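The values are calculated or read from the model by the stated rules, or taken from the named source; none is laboratory data. Remember, predicted model here, so these are calculated numbers, not experimental data. Counting neighbours? That spans all protein chains shown, and the Cβs are built from the backbone with ideal geometry, glycine included.
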2 protein chains.
Amino acid sequence: MTSAALASSLEPTVESDFKFSDGEDLALDAGGYLPAPTIRYAVYGNPDLLATNAVLVCHALSGSARVGDWWPGLFGDGRPLDLSRVAVVCSNIIGSCYGSTGPASLNPATGAPYAESFPVVTIGDMVRAQRRLADHLGVQSWKAVVGASIGGMQVLQWAIDDPDRVKAAVVIGASPLPALGLAFNHIQRLAIDVSRHSPDPAAGLALARAVATCTYKSAELFDNRYGRAPNRSGEDPLDSIEARFDVAGYLDHQGAVFVDRFDANSYRTITKAMDTFDVDVPKVGRSRVGSRILLVGISSDWLFPPAAVHSLATELIKAGVAAEYVELRSDHGHDGFLVEDSQLVSLVKGFLDG
Amino acid sequence: MTSAALASSLEPTVESDFKFSDGEDLALDAGGYLPAPTIRYAVYGNPDLLATNAVLVCHALSGSARVGDWWPGLFGDGRPLDLSRVAVVCSNIIGSCYGSTGPASLNPATGAPYAESFPVVTIGDMVRAQRRLADHLGVQSWKAVVGASIGGMQVLQWAIDDPDRVKAAVVIGASPLPALGLAFNHIQRLAIDVSRHSPDPAAGLALARAVATCTYKSAELFDNRYGRAPNRSGEDPLDSIEARFDVAGYLDHQGAVFVDRFDANSYRTITKAMDTFDVDVPKVGRSRVGSRILLVGISSDWLFPPAAVHSLATELIKAGVAAEYVELRSDHGHDGFLVEDSQLVSLVKGFLDG
């Protein structure tokens, strides 16, 4: 599809949602390949800007291509995603359940969903699929690639694998996952596994989401928001072992809404990709990565502690990369990137204009 | 049993293990009662010292009355539990599965184990059961009551409920549980629940233990000990979604050994007691608690953060209690109390001698 064809179906500033497959198999880092994956993607703004002023946003674990839905604060006049100046592309990662090929997709070899047989995919595989999309859209070079969490991993992977195509990279709350993060991802997959053959197999995904929610927030936020209050439904925690405090009611709610919108095998696949992401700093040094990279730590993030993001920035700088580190002040934990709009706008805008 | 009767069956410095029931029902804070509970307990040292120099040690979630097994570093010449100077008592908490009445015990009303029908018990109930043991042993007043984690909650409860019987109280890594701790306890009980009717019901308790293990350690310890290394069995994390990093292998091992030694319903019962523990500071002020109280925060503890322990100490001091706060330096997290023997010996000894 040419940008002219896109333009005919688009109003500027209105999101459009497409699927794309070039029919080619995708070789995977772990071996084997994914047969002719489909990539679902969205374009925001004037597609005529794709050739010269395209920004790629990479989404996090449970995100979708519709970045306008989940990161609206970055859009607008004078903001990093100002659609009078840039066209914004976001694509659903392979392995997800929001339109790109994932475990819930049909395996062409069997005609049945991949489900548990979906192969291990990496952040590198996700980015390789995105490169095909860039080719398809006629994007020679991204003005910027921006993402947080697993999205930030993709941004780093882009800058490392294809630095000529990335002018500026913004990595928020991301680094190779420290050991405690590996531990909690393992626990979340175990939660899915232990309930798989129980009368309520979805309970494990809800439990995984509850665990994840703890890692996305901060202890301080939980103390301020829930403290030791009984659940707002009126439960008295002394009444029974099941009777809850407020924070437990909140986590149960997060789990319940999540199982209605996410696939357990996608969850296993994507957390695995998160685990295996790493940065080969000596290789980065040798490949003379020329992209400017901004790494943003989030002050209260304990899943990707700011010290880990800072340490990665320091290593990249030592390897000759034009990297910078800044810290977002937030008591929201890892999820700070979804909350602290004005700080984030200012940090990212300053970097992109700099 | 008189101390003379105990003496006849004991060598000084040798642990002895008893069961006790006075046949009286135990009224419970949550309502109802526990019929004639049995208390399993151990006495270390010369029972003749019980009347004048008795120290009570309170154990944590998965501990037993055999404090010599799990806290050996506190025993010995010149240490807080110097058996030439004190007799040491430790009793298994009600609700546990190490000899005192708990969910695995037979309910006299049905002749079957209580299992899930075991009532909600509180830290206050546990301490009330311990008071009967003190009466039975002829202990008018404890020279010291010492405990960490849920053990520390019991120590506080003793000092608040019966300050005339507690000369000195040592509370390590304990406070009312902050919201993130309530969250993780809820998650652990959910883990047990979601696997209850699966083909492998023990898997939920193993998962709960894996979650708990994360909260007992520190991110720093995990980074130093496991980092991002593949599991030492030789697994390659890229091979499959199940293939593990080292930290995941460690957590699985912790889960596997735990299910062989602990009862899932005891786990639910005791974590619930941990949740509902709170300190009514104004009441403490009114009841003129005269016990000297040492509160020890553990620097890398994120289950009971040192700031929470410090804050409790400050409130108690404001309420007129002779409380002090000190910090144990450790990168082991909450479990620091089981690791930092020499620091702990020095802190506790200094306080008890002071």
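Quick check, is B:A210 more than 7 Å from every other protein chain (Cβ to nearest Cβ) and out of contact with any Ser or Thr (no Cβ under 6 Å at 6 or more places or on another chain)?
Numbers: more than 7 Å from every other protein chain (Cβ to nearest Cβ): no; out of contact with any Ser or Thr (no Cβ under 6 Å at 6 or more places or on another chain): yes.
Against the criterion (more than 7 Å from every other protein chain (Cβ to nearest Cβ) and out of contact with any Ser or Thr (no Cβ under 6 Å at 6 or more places or on another chain)), B:A210 does not qualify.
Which one of these is more than 14 Å from chain A (Cβ to nearest Cβ) and either at pLDDT below 95 or within 15 Å of B:A273 (Cβ to Cβ) (or both): B:M153, B:M126?
On the way: B:M153 fails: more than 14 Å from chain A (Cβ to nearest Cβ).
Exactly one of B:M153, B:M126 is more than 14 Å from chain A (Cβ to nearest Cβ) and either at pLDDT below 95 or within 15 Å of B:A273 (Cβ to Cβ) (or both), namely B:M126.
Report every pair of residues separated by at least 6 positions or lying on different chains whose Cβ atoms are under 8 Å apart, first residue within region B:190-209 and buried (at least 23 other Cβ atoms within 10 Å of the Cβ), second in a loop (DSSP other than H, G, I, E, B).
B:V194/A:S198; B:V194/A:D200; B:S195/A:S198; B:S195/B:P201; B:G204/B:R196; B:G204/B:S198; B:L205/B:F262; B:R209/B:F262
For A:V289, state whether it is in a helix (DSSP H, G or I), assigned by TED's automatic domain parsing to the domain that holds A:I93, at pLDDT below 95 and surrounded by 18 or more Cβ atoms within 10 Å (Cβ to Cβ).
No: the conditions fail for A:V289.
Please pick out the residue among B:A264, B:A202, B:A210 that is outside the structural domain of B:I172 (by TED's automatic domain parsing) and under 12 Å from A:A183 (Cα atoms).
Every option except B:A210 fails the conditions.
Condition first: touching a strand residue (DSSP E or B) at 6+ places or on another chain (Cβ under 6 Å) and either within 18 Å of A:W302 (Cβ to Cβ) or surrounded by fewer than 18 Cβ atoms within 10 Å (Cβ to Cβ) (or both). Now tell me which residues in region B:298-323 satisfy that.
Residues satisfying the conditions are B:I298, B:S299, B:P306, B:H310, B:I317, B:A322.
Yes/no per residue for (1) without any contact (Cβ under 8 Å) to a residue 24 or more places away in the chain; (2) out of contact with any helix residue (DSSP H, G or I) (no Cβ under 6 Å at 6 or more places or on another chain):
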residue	(1), (2)
B:D239	yes, yes
B:R244	yes, yes
B:D263	no, yes
B:K272	no, yes
B:W302	no, yes
B:D331	no, no
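Every residue in region B:184-207 that is touching a Gly at 6+ places or on another chain (Cβ under 7 Å) and either part of a loop (DSSP other than H, G, I, E, B) or within 7 Å of chain A (Cβ to nearest Cβ) (or both), please.
B:A191, B:V194, B:S195, B:R196, B:L207
Just to check your reading of the model, which residue among B:G181, B:G234 is more than 9 Å from every other protein chain (Cβ to nearest Cβ) and out of contact with any Gly (no Cβ under 9 Å at 6 or more places or on another chain)?
On the way: B:G181 fails: more than 9 Å from every other protein chain (Cβ to nearest Cβ).
When all the criteria are applied, what remains is B:G234.
Go through (1) among the hydrophobic types (A, V, I, L, M, F, W, C); (2) at the interface with another protein chain (Cβ under 10 Å from one of its Cβ atoms); (3) more than 22 Å from A:A191 (Cα to Cα); (4) buried (at least 24 other Cβ atoms within 10 Å of the Cβ) for B:A229 and report which single condition fails.
(4)
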